[in-house]
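Nothing in this text is a laboratory measurement; each read-out follows from the coordinates by a stated rule. Keep in mind the model is a prediction, meaning the values are calculated, not measured. Neighbour counts run over all protein chains shown; Cβ positions are idealised from the backbone, glycine included.
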Amino acid sequence: MEILHTAAELRAWSRRQRISGKTVGLVPTMGALHAGHASLIRAARESTAAVSVSIFVNPTQFAPNEDFSRYPRTFDVDCALAEAEGASVIFAPSVEEMYPAGAATFVEVAGIGDRLDGKSRPGHFRGVATVVAKLFIASEADRAFFGQKDAAQVAVLRRMTADLRLATEIVVCPIVRDHDGLALSSRNVYLSPAERTRALALSRAIRKGESLVVAGERSAEILIASAREILAAEPEVRVDYIELVNWATLEPAETAAPGTLLALAAWVGTTRLIDNAVFA
Ligand code: AMP
């Protein structure tokens, strides 16, 4: 499996695939790969003939007080996992490659980009949209694969792709969870054993919301209150947000209609985790 370091190399690789009649997939990641990422690579493998996996811890999506410098970096293990799942190529650019000296161009998705995580983490989605636009442009991928785990990110990227008329189709894959329900995240390694147990409150709150909806409850107020109660019962879990929103616009919804998203973020000790459910 080849490892590419520049946008020009990725573009040349992609064009060679196209010339030989292959469709091209892209799985953008920040590395520290786990079974959630593996599921995206498998989905890409099943629907495109040549799969690129990008590994880039994108500095512009981290605020100065966030975990950019201590974000887990496990490059060699990541490459082995990606290869085992059928990736054709790894794209591992340097920060200077993605942001050349003097870089002044950013992608801002107004409105949507300031909701949910964008509200709690100002500038976060500007960084995400910018790097993903660069990856789409360099890879010329037919399809790119993202996890529903980052549901607000999906909404931002769908809007960006539509607005910029980008040719890459966004495919969303289900949330992969640990055996006990905790959504897999590269940040779970930050949790102490006690915190990991407390973190289960997030998936419990989401599951409770899902079961209320299955039982016929639709009121945002009740669904949010129920999630809040479950999180409040857990010591040292601090809610960042719990919202029911339209998944396309991230605007608040009053009822859990099809296409609404119950999303939450909470701090467990010093680690911020997210979880969600989309209603059918
Ligand atoms: P990250 O490396 O955290 O930036 O994530 C890269 C991609 O993997 C994003 O599209 C995430 O939504 C996706 N992802 C992360 N965790 C999971 C999970 N537990 N299940 C499914 N996809 C995930």
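Excluding residue 226 itself, calculate the net charge of residues whose Cβ lies under 13 Å from the Cβ of residue 226, where each Lys or Arg counts +1 and each Asp or Glu counts -1.
Values: positive: 204, 207, 208, 218, 228; negative: 210, 217, 221, 229.
Value of the local net charge: +1.
Within a 10 angstrom radius of the beta carbon, how do 179, 34, 5 rank from fewest other beta carbons to most? Kindly include the intermediate steps, with their values, before the conclusion.
On the way: 179 5, 34 18, 5 13.
In increasing order of surrounding Cβ atoms, one gets 179, 5, 34.
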*Could you list the residues of the range 234-272 with an amide nitrogen less than 17 Å from a label point located 7 Å from the Cα of residue 208 in the Cα-to-C-beta direction?*
234-244, 262-268
*asked:* Largest first and in whole Å, what are the equivalent-ellipsoid semi-axes of the range 1-65 based on the Cα gyration tensor, each being the root of 5 times an eigenvalue?
replied: 24, 16, 8
*For helix 151-163, what angle does its Cα long axis make with the longest principal axis of the chain, in degrees from 0 to 90 and rounded to 10?*
50 degrees
*Provide, in order from the shortest bin, the percent of all Cα-Cα pairs of the chain in each 5 Å bin, continuing until the bin that contains the maximum pair distance.*
1, 6, 12, 16, 19, 17, 13, 9, 5, 2, 1, 0
*Just 40, 81, 26 to compare: in a GNM of the chain, with alpha carbon springs under 10 Å, which one fluctuates most?*
81
*Distance between the range 91-141 and the range 236-280 - C-alpha centres, whole angstrom*: 22 Å
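If you rank 182, 164, 10 by fewest surrounding Cβ atoms within 10 Å, what's the result? Walk me through the numbers before you get to the answer.
Working: 182 20, 164 14, 10 25.
By the 10 Å Cβ count, ascending, the order reads 164, 182, 10.
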*residue 114: net charge of surrounding residues, Cβ under 14 Å, Lys/Arg +1, Asp/Glu -1, itself excluded?*
+1
_If you build the convex hull over the alpha carbons only and average its shadow over all orientations, what do you get for the range 143-280? Give it in nm² to one decimal._
8.6 nm²
*For the chain, find the longest principal axis of its Cα atoms and tell me its angle to the long axis of helix 7-19, 0 to 90°, nearest 10.*
80 degrees
*Specify the residue with the greatest mean-square fluctuation among 251, 140, 217, computed from a Gaussian network of the chain linking alpha-carbon atoms under 10 Å apart.*
217
*residue 26's amide H: which non-local residues (gap 5+, or another chain) put their own amide H closer than 5 Å, with H modeled 1.01 Å from N in plane and none for Pro or chain starts?*
52, 143, 144, 145
*For the range 77-132, go through all pairs of different Cα atoms, get the mean of 1/r, take its inverse, and jot down that Kirkwood value in Å.*
13.6 Å
